[in-house]
Amino acid sequence: MSSELLSKLLDLLGPNGLVTEASDLEGYSIDWRHLFPGKPLAVVRPANTAEVAGVVKLCRAYGTAVVPQGGNTGMAGGAVPDASGTQVVLSLSRMTALREVDPVGMTLEAEAGCVLKTAQDAAAAVGRLLPISLAAEGSATVGGVIATNAGGVNVLRYGMVRALVLGLEVVLPDGSIADGLRRLRKDNAGYDWKQLFIGSEGTLGIVTAAVLRLLPQPKSSVTALMSVPDPKAALDLLACAQDELGDTISAFELMAGSSLKLVEKHFGLRRPIADGDWFVLIEAASSLSGLREAAEAALGNALEQGFALDGTVAESGRQAADLWQLRERITESEAKEGKSVKHDVSVPIPLIPQFLVEAGIALERDAPGTRVNCFGHLGDGNLHYNVLIDGHASDEINRIVHDVVDRFGGSISAEHGIGQYRVAELEKRRSAPELAIARRIKTALDPEDLLNPGKVLSRAERA
Ligand SMILES: Cc1cc2nc3c(=O)[nH]c(=O)nc-3n(C[C@H](O)[C@H](O)[C@H](O)COP(=O)(O)OP(=O)(O)OC[C@H]3O[C@@H](n4cnc5c(N)ncnc54)[C@H](O)[C@@H]3O)c2cc1C
């Protein structure tokens, strides 16, 4: 049966489009964090939307599940198959075309496999900004960031990916193609169905192309690294910066001193200011003149008021990039340091200092010996509260941290999604009516549960 399917897939896609050799399957079989090893029946690499539709129809006819995969940088194990050896991974790696960049209409149209950095660079080349920015942008794809509704460092100013998608083309689980590649700023004509697919992690349809919204490229930017006495002072600094610099602030990232020590240890990168317990990386950007003076005045003010202890403002693009390296290398440094449990949580912004105190107390009490690597998008209330686990069980650490998140009315997945990693944790927290909505949507679009089964919702829950 499976050999018949493979032979039909070969007829459809040709030898470049079908991977079956065990050694070639490896890269597609395991997630970036190496937590979820899977075993695909095969990997298909369609070259266009019609081929994606053909694959989905064929797999459906054989009752075979399809797992969409972009850059495979996801943090929740969503892009890899299970270990049954029966699922087909559909890689978008041959659908990388950047179809159009329109500097007047301020839109960019790309195929789903286009790497995010390529799309950013194409926008910049015509003086426009694609403000989706994350440390994995050199590998993450347009389809992947849409399927996960990714966040990143610019959410504070520009919103999540959802806010930047104007049009979408999706192959549905029955193999039909929903072509919504419109480039309209305003379109209230009926249900905005594309929203269902943004953030659905490949469980409702396969994104094959998208139209993204661009913005003017700011002409100047200021990047500063500040050390702050504690997270409460970081919030005071945020308020002060917002009062004085308004919506020019595009990033406001909190980093524990211990996180920067990991970066120094594993990448040899040193922070250029005095040691401290907490640091904030701030970026502001504008096309109007006077930004630098205003930023320096605001940060000087923060120092005077004691919200910040020390700080530096980058003097060049090179220095700004070096400051960003400190932030962007934290995830990789953590991976080099040892086994960790990641928590991608959000809580209401004013409650962050108290959340950090209570989560720390809970871990010290119930999981002694663990170390916290905490950093994240403070301006969005989103922290990566990761725990180096020192022999403790992952489930235990998850429970401890997520219980505190619950007490603060927070979310257990602010931007990384649910994948297979957090399905049980999500289902524990959603009310029966909320789960019923999710199940009805899934069943309406994918009644046979053949598109990325077991991700976002458990399989049993859908029955
Ligand atoms: C160092 C590092 C830093 C990161 N920083 C951030 C960050 O700041 N913010 C953030 O939000 N994330 C971050 N991530 C996570 C990750 O980069 C994002 O989730 C990204 O959106 C995934 O894109 P991808 O192309 O790699 O998708 P994949 O990992 O391949 O897939 C992710 C999910 O989307 C589905 N999918 C992929 N392509 C499609 C498609 N075309 N159609 C339908 N479904 C599809 C997959 O099935 C899977 O469920 C980071 C990851 C790393 C490694």
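The values are calculated or read from the model by the stated rules, or taken from the named source; none is laboratory data. Model, not experiment: these values are computed from the prediction. So basically every Cβ, Gly included, is an ideal-geometry build from the backbone, and we count neighbours across all protein chains shown. Each accessible area value is taken on the protein alone, full model and side chains, heavy atoms only, with ligands, DNA and RNA left out. Shrake-Rupley method; radii C 1.70, N 1.55, O 1.52, S 1.80 Å.
Just checking, which of L204, L168, L212 is at pLDDT 95 or above, away from the ligand (no atom under 12 Å from the Cβ) and among the aliphatic types (A, V, I, L, M)? Please lay out each step first, then the result.
On the way: L204 fails: away from the ligand (no atom under 12 Å from the Cβ); L168 fails: away from the ligand (no atom under 12 Å from the Cβ).
Matching residue, one of L204, L168, L212: L212.
Select from segment 111-139 the residues that are in contact with a helix residue (DSSP H, G or I) (Cβ under 6 Å, 6 or more places away or on another chain) and under 21 Å from V56 (Cβ atoms) and list them in ascending order.
A112, C114 - these are the residues of segment 111-139 that are in contact with a helix residue (DSSP H, G or I) (Cβ under 6 Å, 6 or more places away or on another chain) and under 21 Å from V56 (Cβ atoms).
Which numbered condition in (1) farther than 24 Å from A320 by Cα; (2) of a type in the set (K, R); (3) touching a Ser or Thr at 6+ places or on another chain (Cβ under 8 Å) is the only one that K232 fails?
Unmet condition: (3).
Please enumerate the residues belonging to segment 107-129 that are outside any helix (DSSP H, G or I) and under 19 Å from T208 (Cα atoms). Before the answer, list the steps.
Taking segment 107-129 and keeping what is outside any helix (DSSP H, G or I), we get 107-115, 126-129.
Across segment 107-129, the qualifying residues are T107, L108, E109, A110, E111, A112, G113, C114, V115.
Quick check on my filter: what residues within segment 407-417 are more than 16 Å from the ligand (Cβ to nearest atom) and either of a type in the set (G, A, S) or within 22 Å of the chain's Cα centre (by Cα) (or both)?
Step one: filter segment 407-417 for residues more than 16 Å from the ligand (Cβ to nearest atom), giving 407-410.
Those that are more than 16 Å from the ligand (Cβ to nearest atom) and either of a type in the set (G, A, S) or within 22 Å of the chain's Cα centre (by Cα) (or both): G409, G410.
Which residues, counting only those in segment 25-46, are at pLDDT 95 or above and surrounded by fewer than 16 Cβ atoms within 10 Å (Cβ to Cβ)?
Answer for segment 25-46, where residues must be at pLDDT 95 or above and surrounded by fewer than 16 Cβ atoms within 10 Å (Cβ to Cβ): just P37.
What are the residues in segment 66-84 that are under 18 Å from L10 (Cα atoms) and in a loop (DSSP other than H, G, I, E, B), if any?
Across segment 66-84, there are no qualifying residues.
Return the pair list, or none, for Cβ contacts closer than 6 Å from residues in segment 18-32 that are assigned by TED's automatic domain parsing to the domain that holds Q87 to residues that are assigned to a loop (DSSP other than H, G, I, E, B) and open to solvent by 40 Å² or more (accessible area, probe 1.4 Å), at least 6 apart or on different chains.
Sorted first by the residue in segment 18-32, then by its partner, the pairs are I30/P37.
Exactly one condition in (1) under 24 Å from the mean Cα position of the chain (by Cα); (2) open to solvent by less than 40 Å² (accessible area, probe 1.4 Å) is not met by V228; state its number.
V228 satisfies every listed condition except (1).
In this structure, does I132 turn out to be part of a loop (DSSP other than H, G, I, E, B) and either open to solvent by less than 30 Å² (accessible area, probe 1.4 Å) or within 13 Å of the ligand (Cβ to nearest atom) (or both)?
So I132 fits the description; yes.
Return yes or no: is L450 farther than 18 Å from A79 by Cβ, within 16 Å of the ligand (Cβ to nearest atom) and in contact with a Gly (Cβ under 8 Å, 6 or more places away or on another chain)? Outline the logic, then answer.
Details: farther than 18 Å from A79 by Cβ: no; within 16 Å of the ligand (Cβ to nearest atom): yes; in contact with a Gly (Cβ under 8 Å, 6 or more places away or on another chain): yes.
No: the conditions fail for L450.
Given (1) out of contact with any Asp or Glu (no Cβ under 8 Å at 6 or more places or on another chain); (2) outside any loop (DSSP other than H, G, I, E, B), identify the lone condition not met by E137.
(2)
Before we move on, is G63 under 20 Å from G417 (Cβ atoms), in a loop (DSSP other than H, G, I, E, B) and in contact (Cβ under 8 Å) with a residue 60 or more places away in the chain? Spell out how you get there, then give the answer.
Working: under 20 Å from G417 (Cβ atoms): no; in a loop (DSSP other than H, G, I, E, B): yes; in contact (Cβ under 8 Å) with a residue 60 or more places away in the chain: yes.
Here the answer is no, as G63 does not meet what is asked.
So how many residues does segment 386-424 have that are open to solvent by less than 60 Å² (accessible area, probe 1.4 Å), aliphatic (A, V, I, L, M) and at pLDDT below 95?
Matching residues across segment 386-424 total 2.
Look at segment 422-463 and say how many of its residues are over 21 Å from V56 (Cα atoms), part of a loop (DSSP other than H, G, I, E, B) and among the basic types (K, R).
Selection size over segment 422-463: 2.
Hey, among D102, D24, D82, which residue is away from the ligand (no atom under 12 Å from the Cβ), charged (D, E, K, R) and under 20 Å from L181 (Cβ atoms)? Break it down into steps so the answer makes sense when it comes.
Values: D24 fails: under 20 Å from L181 (Cβ atoms); D82 fails: under 20 Å from L181 (Cβ atoms).
After ruling out the rest, the residue left standing is D102.
So which residues in segment 413-461 are on the phi > 0 side of the Ramachandran plot and either in the same structural domain as L204 (by TED's automatic domain parsing) or out of contact with any strand residue (DSSP E or B) (no Cβ under 7 Å at 6 or more places or on another chain) (or both)?
Start the filter on segment 413-461 by keeping residues that are on the phi > 0 side of the Ramachandran plot, which leaves 417, 419, 449, 452, 454, 456.
G417, G419, D449, G454, V456, listed by residue number.
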